[in-house]
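The structure appears right after this line, and notes come after that.
The values are calculated or read from the model by the stated rules, or taken from the named source; none is laboratory data. This one's a predicted model, so the numbers in the text were calculated from it and none came from an experiment. Backbone-built Cβ (ideal geometry, glycine too); neighbour counts: all protein chains shown.
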Amino acid sequence: MLIKISQLEPDQLTDLQMTEFLFENIEDDFENGDLIFVPGSSKAVQYRLPIAVQLYQEGRAGRILFSGGVTWEGSSLPESHFLKKKLLNKVSLRRTF
């Protein structure tokens, strides 16, 4: 069932529903871009970073831009810095991040 964003009631969404809404069934238009934007979140390493790495390795964009300033439990780094650190562990430095 499709629901418009304007019809959502955030205070009534479960964690699972929010996760599915934010991370699943996202369609790719297969166009190249100027950069790959990775919004920070507590689940970005699990859901967003692998896709960003894949797109980068396919040459879909020459830069990756991370956002997020929250410091999650278990890390002393804000989201954007933590994501970059995880990325550098996965990808050879051929281009600029």
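Residues of segment 71-92 being of a type in the set (Lys, Arg) and in contact (Cβ under 8 Å) with a residue 12 or more places away in the chain, which ones? It would help to see each step written out before you state the result.
Within segment 71-92, the first condition is being of a type in the set (Lys, Arg), and the residues that meet it are 84-86, 90.
84, 86, 90 - these are the residues of segment 71-92 that are of a type in the set (Lys, Arg) and in contact (Cβ under 8 Å) with a residue 12 or more places away in the chain.
The set of residues in segment 43-74 that are in contact with an Asp or Glu (Cβ under 7 Å, 6 or more places away or on another chain) and surrounded by fewer than 13 Cβ atoms within 10 Å (Cβ to Cβ) comprises 69, 70. Among the numbered conditions (1) exposed (fewer than 12 other Cβ atoms within 10 Å of the Cβ); (2) touching a helix residue (DSSP H, G or I) at 6+ places or on another chain (Cβ under 6 Å), the only one that residue 30 does not meet is (2).
Would you mind stating whether residue 24 is exposed (fewer than 10 other Cβ atoms within 10 Å of the Cβ), within 13 Å of the chain's Cα centre (by Cα) and charged (D, E, K, R)? Spelling it out, residue 24 is indeed exposed (fewer than 10 other Cβ atoms within 10 Å of the Cβ), within 13 Å of the chain's Cα centre (by Cα) and charged (D, E, K, R).
Selection of segment 32-64 for residues being part of a helix (DSSP H, G or I) and hydroxyl-bearing (Ser, Thr, Tyr) yields 47, 56. All conditions in (1) within 20 Å of residue 90 (Cβ to Cβ); (2) free of Cβ contacts under 8 Å to residues at least 24 places away in the same chain; (3) under 14 Å from the mean Cα position of the chain (by Cα) hold for residue 68, with the sole exception of (2). Residues that are among the aromatic types (Phe, Trp, Tyr) and touching a strand residue (DSSP E or B) at 6+ places or on another chain (Cβ under 8 Å): does segment 32-42 have at least one? Yes, segment 32-42 has at least one match. If I filter segment 78-97 down to residues being surrounded by 14 or more Cβ atoms within 10 Å (Cβ to Cβ) and more than 10 Å from residue 40 (Cα to Cα), which single residue comes out as modelled with the lowest pLDDT? The residue in question is 97.
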